[in-house]
Structure formats: structure tokens, C-alpha cells
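Quick notes on the structure that follows.
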Amino acid sequence: MKVGVPKEIKTHEYRVGLTPGAVREYVAAGHSVAVETNAGAGIGATDEDYRKAGAILLGSASEVFGSSEMIVKVKEPQPSEWTQLRENQILFTYLHLAPDAEQAKGLLKSGCTAIAYETVTDVYGGLPLLAPMSEVAGRLSIEAAGAALKRYAGGRGLLIGGVPGVQPARIVVIGGGVVGTHAARIAVGLGAEVTMLDRSIARLRVLDELFGGRVRTRFSTIDAVEEEVFAADVVVGAVLVPGASAPRLVTRKMLSSMRKGAVIVDVAIDQGGCFETSRPTTHAEPTYELDGVIHYCVANMPGAVPLTSSHALNNATLPFGLALANKGFAAVLENQHLRAGLNVYRGRLTYKAVAESLGLPYSPIDQAAA
Ligand SMILES: NC(=O)c1ccc[n+]([C@@H]2O[C@H](COP(=O)([O-])OP(=O)(O)OC[C@H]3O[C@@H](n4cnc5c(N)ncnc54)[C@H](O)[C@@H]3O)[C@@H](O)[C@H]2O)c1
């Protein structure tokens, strides 16, 4: 198959759809890969690195779109990209179509077949192409908290791990899924005192085993959240209720009783946030202070570390991308996990929740592909 990798054009997006290492895998499997010049600049991968991996370098996005049967990207296509997609072309990338009617219409109009990273599933019932970004965001959340706790940044002036004889920071993680677990790993590693709250007792059991008693676990109730938040130096919001906005677990009233200079990192901000006082921020201005509490609410945290994020994403997408390259659309019909990723097929919406959220007609795959 002819695979194409355009340079990402969304503002401040430095990741790349295929790393040179991934290109080498596609080429070894017998595919040709066209990469736009400078596509890897954001992760320090040069055109020469791609050439060595076996890629053909092309000077413009239009040449890449025009010559490829499958496009592999990171972010959802931007308006100038929708118009370059065409019938019979496969698009493999993050789409997040549910809140984005304009993009959905653009993709439907193009006639392309679009598989969204965020809805591809795995045998464990998880979302394997979202998980690596949650791992990155979870680990970064503690780095962000450490920076915001510094006195000059408005924080309490506290070192996360303390020193012998001086107590470390108390870090509370609400939500013990992928983000929460990775946040806790880093917090524990730095020597913090860590408490995790979750609504799932099964998950709390796993966490208790995983951390061997090094993390306190608590069932998440209003009382528990309130008590923990009042005593915390850092609160990480890592809650997810699939298909819904994040529940607002920490109210403004609770915030007023928090320690001055405490830090909240609302990783769930991309789903609306789990603190009543959260509003999305950017890497350019990641924090703001409200009621004496520093808020960090960056909606695309993995974008800060595109090198790590691109490799983590490529590791996860590679088997699915290769299956698509090897078999084309047949891979979608054969593989239930790729099938779960299919959002758009030749002008039809094939993902029920997306169609419902956009108020557009839904076509089950079998019907659409018949
Ligand atoms: N800001 C970013 O850049 C970024 C990056 C990656 C992920 N995220 C977001 O982080 C959030 C968490 O993602 P994840 O991959 O860890 O999800 P996950 O499904 O792995 O974990 C979510 C956890 O929240 C728990 N939960 C649900 N309701 C709860 C409640 N009331 N109290 C306590 N826990 C509760 C669930 O039981 C589950 O264990 C999502 O909103 C995701 O979109 C943001």
C-alpha cells in the first residue's frame, strides 16, 4: 500500500504520525511510505532519518495526500486537509468527531474511510490508542505540580519529596485509571505521600496490590474527596466516566478551604474537568490562581513532550496501521478492534455515539459496506 505522512499543521502540534522507526516497519512489510519534508522536525527526526528508514520525501502536503492510499496522522484533519482527502482513501488518526460537526461534514463529503485512534478497542475492553497519551499525561501531571508548587510560581514552596526530617507533599489523585496510576507512580517515586480515590472497588484492589501499600486508597465519596482535598498540597483530577463529561467532584466551596498555594492539576479538563473552577489552559500559559489555589488545566498535555508522545503513540498504532496497510479495508471487516475504530465510511457515519451526538444519520458498518 502507498502510505502517506503529512506534517501536522494544527497549532502547537509537534508530534508526527509515523516515526522513522515505524516507517522502517512499513517498508519492511512491503509498503511504500511518502513523508512530507520536515514532518519529523518537532521530534528531531530529519528528512535524512526518514530517507534512511526507506521513506520517499515529498515537498508538500498536497503531494502526500495526492499520492497515498492511506494517510497516517496524529491530530484530526484541519479544513485544508479535509478537502485533500478522497474516496477510497483510508485516514488513520485521532478524530474526536462527536463535538466537531464541521470536521464530520468535511470527512463525509470527502468520501474517505476514517478510522479514529480514540475508538479502536483491545481484547481487555480498553482503548489502546488513547492509553499511551494517558500514561504521558499522568506522568507529566506530577512534573507540572512540582513546577507549580515552587514559591516563585505561586505555590506553597514545597519540595514534592521533602528531605530527611521534613515531610513530603501530600498528593491526592482522584481517579485510579491509566492517568491516575501513572501520576501515582511518579509521585511515589519522588517520595510523596500519595492517596488515590476511585469509585471502583475492583480498581482500588488492583491499586493496593500494585503499589504494595505505598499508596493509600479510598473509595470516592463526597466526604472522602472533601477530607482529602482539604489536607492536600496537590490534587490530580484523573476521573473518566465513559461517554460523559467529567463529574465536578471538587466544588468552589471546597477550594476555599484548601491550603493556600496548593496545586490542582485537572488532567480531565479535556472532558470538562473535575474541579468546578477549572478552565482549559495552554502550554504557553499553563496555570492560573483562583482562591489562592494554583490551577494547571492544559487540555493537550502530551503535546509538551512530542518526542516521548510520538514514540508511545507509534508503538500502539503500529500493529493496527500495518494491518490496514496489509489488507486495506478488509482489515476493518475482519478485526473487531479496528472495526470499533471506524467512524466514517464513504460518506456515512458508522459510529453510533458520534452520529447521535451530531444529530446525523447512523449507518452500521455492514449496511454501509454492503
Ligand atoms: N489533559 C490531557 O492532555 C489528557 C491526556 C490524556 C487523558 N486525559 C483525560 O484524563 C482523564 C482520565 O483518563 P484515563 O485514561 O485515566 O481514564 P480511565 O478510564 O483509565 O480512568 C478513569 C478512572 O476514573 C474513575 N472514576 C469514575 N468516576 C469516579 C469518581 N466519581 N471518583 C473517583 N474516580 C472515578 C474510574 O473508575 C476509572 O478508574 C480522561 O478525561 C481523559 O480524557 C487528558
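The values are calculated or read from the model by the stated rules, or taken from the named source; none is laboratory data. Because the structure is predicted, anything quoted here is derived from the model rather than measured. Cβ sites come from the backbone with ideal geometry, for glycine too, and all protein chains shown count toward neighbours. Quick note on the areas: whole protein, heavy atoms, side chains included, nothing else; ligands and nucleic acids left out. Shrake-Rupley method; radii C 1.70, N 1.55, O 1.52, S 1.80 Å.
Residues that are within 15 Å of the chain's Cα centre (by Cα) and at pLDDT below 95 within segment 108-129 comprise Glu118, Thr119, Gly126, Leu127, listed in sequence order. What about Gly162, is it within 13 Å of the ligand (Cβ to nearest atom), at pLDDT 95 or above and at positive phi? Judged against the criteria, Gly162 is not a match.
For segment 137-154, residues that are under 12 Å from Val265 (Cβ atoms) and over 18 Å from the mean Cα position of the chain (by Cα) total 5.
Any residue that is within 20 Å of Tyr94 (Cα to Cα) and aromatic (Phe, Trp, Tyr) - is there at least one of those in segment 36-54? No: zero hits. Selection of helices (runs of 4 or more DSSP H) fully inside segment 286-366 by the criterion of at least 3 residues being under 22 Å from the mean Cα position of the chain (by Cα) and at pLDDT 95 or above returns 306-327, 336-341. Looking across segment 264-312, just one residue is surrounded by fewer than 19 Cβ atoms within 10 Å (Cβ to Cβ), in contact with a His (Cβ under 7 Å, 6 or more places away or on another chain) and hydrophobic (A, V, I, L, M, F, W, C), and that is Ala304. Answer yes if at least one residue in segment 205-215 is at pLDDT 95 or above, of a type outside the set (A, V, I, L, M) and under 23 Å from Gly272 (Cα atoms), and no otherwise. No, because not a single residue in segment 205-215 is at pLDDT 95 or above, of a type outside the set (A, V, I, L, M) and under 23 Å from Gly272 (Cα atoms).
Filtered by the rule that a residue be more than 11 Å from the ligand (Cβ to nearest atom), touching a helix residue (DSSP H, G or I) at 6+ places or on another chain (Cβ under 8 Å) and open to solvent by 20 Å² or more (accessible area, probe 1.4 Å), segment 247-258 gives a lone residue, Ser257.
For segment 194-204, indicate whether the set of residues that are polar (S, T, N, Q), outside any helix (DSSP H, G or I) and near the ligand (Cβ under 9 Å from one of its atoms) is non-empty. The answer is yes, given that some residue of segment 194-204 is polar (S, T, N, Q), outside any helix (DSSP H, G or I) and near the ligand (Cβ under 9 Å from one of its atoms). Residues in segment 205-230 that are surrounded by 13 or more Cβ atoms within 10 Å (Cβ to Cβ) and part of a helix (DSSP H, G or I): Val206, Leu207, Asp208, Leu210, Ala224, Val225, Glu226, Glu227, Glu228, Val229, Phe230. Kindly indicate whether any position in segment 85-94 is away from the ligand (no atom under 14 Å from the Cβ), surrounded by fewer than 18 Cβ atoms within 10 Å (Cβ to Cβ), in the same structural domain as Thr317 (by TED's automatic domain parsing) and of a type in the set (S, T, N, Q). Within segment 85-94, one or more residues are away from the ligand (no atom under 14 Å from the Cβ), surrounded by fewer than 18 Cβ atoms within 10 Å (Cβ to Cβ), in the same structural domain as Thr317 (by TED's automatic domain parsing) and of a type in the set (S, T, N, Q). Of all residues in segment 120-145, those satisfying the criterion of being among the hydrophobic types (A, V, I, L, M, F, W, C) and either assigned to a helix (DSSP H, G or I) or in contact with a helix residue (DSSP H, G or I) (Cβ under 6 Å, 6 or more places away or on another chain) (or both) are Val120, Leu129, Leu130, Ala131, Met133, Val136, Ala137, Leu140, Ile142, Ala144, Ala145. Among residues of segment 192-206 that are in contact (Cβ under 8 Å) with a residue 24 or more places away in the chain and not assigned by TED's automatic domain parsing to the domain that holds Gly165, none has a beta-carbon under 9 Å from a residue that is basic (Lys, Arg) and in a strand (DSSP E or B) at least six positions away or on a different chain.
When segment 314-370 is filtered for residues that are touching a residue at least 24 places away in the same chain (Cβ under 8 Å), among the aliphatic types (A, V, I, L, M) and open to solvent by 70 Å² or more (accessible area, probe 1.4 Å), only Leu333 remains. Test Leu140 against the criterion of being free of Cβ contacts under 8 Å to residues at least 40 places away in the same chain and buried (at least 18 other Cβ atoms within 10 Å of the Cβ), and give yes or no. The answer is no for Leu140.
Inspect all residues belonging to segment 296-314 and state whether any of them is of a type in the set (Phe, Trp, Tyr) and more than 10 Å from the ligand (Cβ to nearest atom). Within segment 296-314 (the criterion being of a type in the set (Phe, Trp, Tyr) and more than 10 Å from the ligand (Cβ to nearest atom)), the answer is no, since none of the residues qualifies.
Within segment 1-22, residues that are modelled with pLDDT of 95 or more and open to solvent by 10 Å² or more (accessible area, probe 1.4 Å) sit with their Cβ atoms under 6 Å from residues that are polar (S, T, N, Q) and in a strand (DSSP E or B), at 6+ positions apart or across chains, in these pairs: Lys2/Ser32.
Out of curiosity, is Ala169 within 14 Å of the ligand (Cβ to nearest atom), within 23 Å of Met301 (Cα to Cα) and not charged (D, E, K, R)? So Ala169 does not fit the description; no.
Taking the stated definitions as given, is Ala192 open to solvent by less than 30 Å² (accessible area, probe 1.4 Å), of a type outside the set (Asp, Glu) and more than 24 Å from the chain's Cα centre (by Cα)? For Ala192, the condition - open to solvent by less than 30 Å² (accessible area, probe 1.4 Å), of a type outside the set (Asp, Glu) and more than 24 Å from the chain's Cα centre (by Cα) - is met. Filtering segment 146-157 to residues that are outside any helix (DSSP H, G or I) and either under 21 Å from Leu197 (Cβ atoms) or charged (D, E, K, R) (or both) leaves Leu149, Lys150, Arg156.
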